[in-house]
């Protein structure tokens, strides 16, 4: 039985004020729970606003326009751009991010809940030790329930010589006022591909070194092949299936990486190394063991209700999510707060469960990559009968007029019912185009239904009608 409310300082304490944490706090307060947020970051705003989605996409927008200028002659135009002004790009990013962060700060400080600028760790399952960032004395707070939403931090591999040689992370490149003449990017995921696109577009000679045998591990290998080809045509070299042995500084001051791949031993040198090997959950300082909250690979183990192994302690966002993306973090935070309210008020309503049927993923590389729903490998593992159909952008009218012909779309449908189960897009504006399939899947549309919906010609979005028609032809009407 939950102890009475009078025994605690708050009904609900959220640790972390980013996208997941703010969503949880806002929802809990709206439901009448006495709520506090504890955030010990130097700046309020969270990863997405300060060092993730928004700053990276601001820089990538400059990269996209630089690529357009680079290709002007293909379209009968003359453009003679000078070298990019990295300080101007950085200052534009700072202006936009300051605006976004100011708005979030205002939301956190508007009085709906108590905000503590501090770090926190568990003393027991209902008590936190709170250490203010202004160096004032630490104190304790108690709550009937919690939501841990402390986000993630950059993963740095234990490569011999890396620390001594020095390196950049995404935090460094996002606020740099100059870029190196050459850079080796370690990684082959979303962060690595996006920042390699930015570096190359700004004139940096760029190389990618990926441990896995393909870029974007877990996605269709064909997507990886498209990206490798497109990047190679731009002059970005990629090495996949590698093992890095050591890194050191050469006599002329370059950073040199020694690695092996399927073809043998290699070494590459560059002015800078960018470590873009993803992120890991920021759980190390929370003392979750004292609260009897279980971890798996540093990530908090949660149920579909967002409850941890301690039922009144919830988790949301990068510390607990199967996919580190903002829209899921927000949904998880909201579900955590609503379930905490039901738990604390002994509601007869069942706890909500999160569902990942419409799981979305996007990469703002060039070409872009986006996926929704199940992949072929997942459907095979689940023994769900399905059909697959694809169509290339190099045979699609609008993309051909745009000169954006790398890539394809692929659609997966249930082999018996025709319901759309997943989709993949690699090509121009993929992160926008994927939403047509998301909407269709939300309403559990069949491929035949999507094929019948009018699409204006010529548009990029009409490309979805081709795999939809092919699938519809393969599935007999009921």
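Quick note: the coordinates plus some simple rules give every number you see, no bench work behind them. In this text the structure is predicted, and so the values were computed from the model without any measurement. No Cβ is skipped: glycine too gets one built from the backbone with ideal geometry, and neighbour counts run over all protein chains shown.
Test of understanding: ordering 388, 399 by Cβ neighbours within 10 Å, fewest first, what list do you get?
Details: 388 19, 399 23.
Going from sparsest to densest Cβ surroundings: 388, 399.
When 197, 245 are sorted by how many other C-beta atoms sit within 10 angstrom of their C-beta, beginning with the fewest, the order is 245, 197. For 265, 91, the sequence from fewest to most other C-beta atoms within 10 Å is 265, 91.
Can you figure out the FRET efficiency of residue 266 with residue 294, using R₀ = 30 Å and their beta-carbon distance, to the nearest 0.05?
0.15
Here, the chain yields an orientationally averaged convex hull projection of 26.7 nm² when only Cα atoms define the hull.
Test of understanding: extend the Cα→C-beta vector of residue 75 to 7 Å, then name every residue of the range 344-374 with backbone N under 17 Å from that spot. Under 17 Å, as judged by backbone N against the label point of residue 75, lie 366-368 of the range 344-374. Structural descriptor for the chain: relative contact order 14 percent, calculated from alpha carbon pairs under 8 angstrom and at least 6 residues apart. Any idea how far the Cα center of the range 347-372 sits from the one of the range 263-295, in Å? So the separation of the two Cα centres works out to 24 Å. More than 21 angstrom separation, counting every C-alpha pair in the range 1-122; what % is that? Of all Cα-Cα distances in the range 1-122, 55 percent exceed 21 Å. Working note: 222 nm ellipticity from helices only, DSSP H runs with n ≥ 4, each -39,500 (n - 2.57), summed and divided by the residues of the chain, gives -9500 deg cm²/dmol to the nearest 500. Would you please state the base-10 log of I(q)/I(0) at q = 0.16, 0.24 1/Å for the range 367-474, with intensities from the Debye formula using one equal scatterer on every alpha carbon? One equal scatterer on each Cα of the range 367-474 leads to -0.63, -1.35.
Given a cut-off of 22 Å, what percent of all Cα-Cα pairs of the range 250-392 lie beyond it?
Distances greater than 22 Å cover 61 percent of the Cα pairs.
Take the Cβ atoms of residue 142 and residue 95, set R0 to 30 Å, and the FRET efficiency comes out at 0.15. How far is the Cα center of the range 1-66 from the Cα center of the range 173-247, in Å? Result: 31 Å between the Cα centres. Dividing the Cα radius of gyration of the range 162-277 by its Kirkwood radius returns 0.94 for Rg/Rh.
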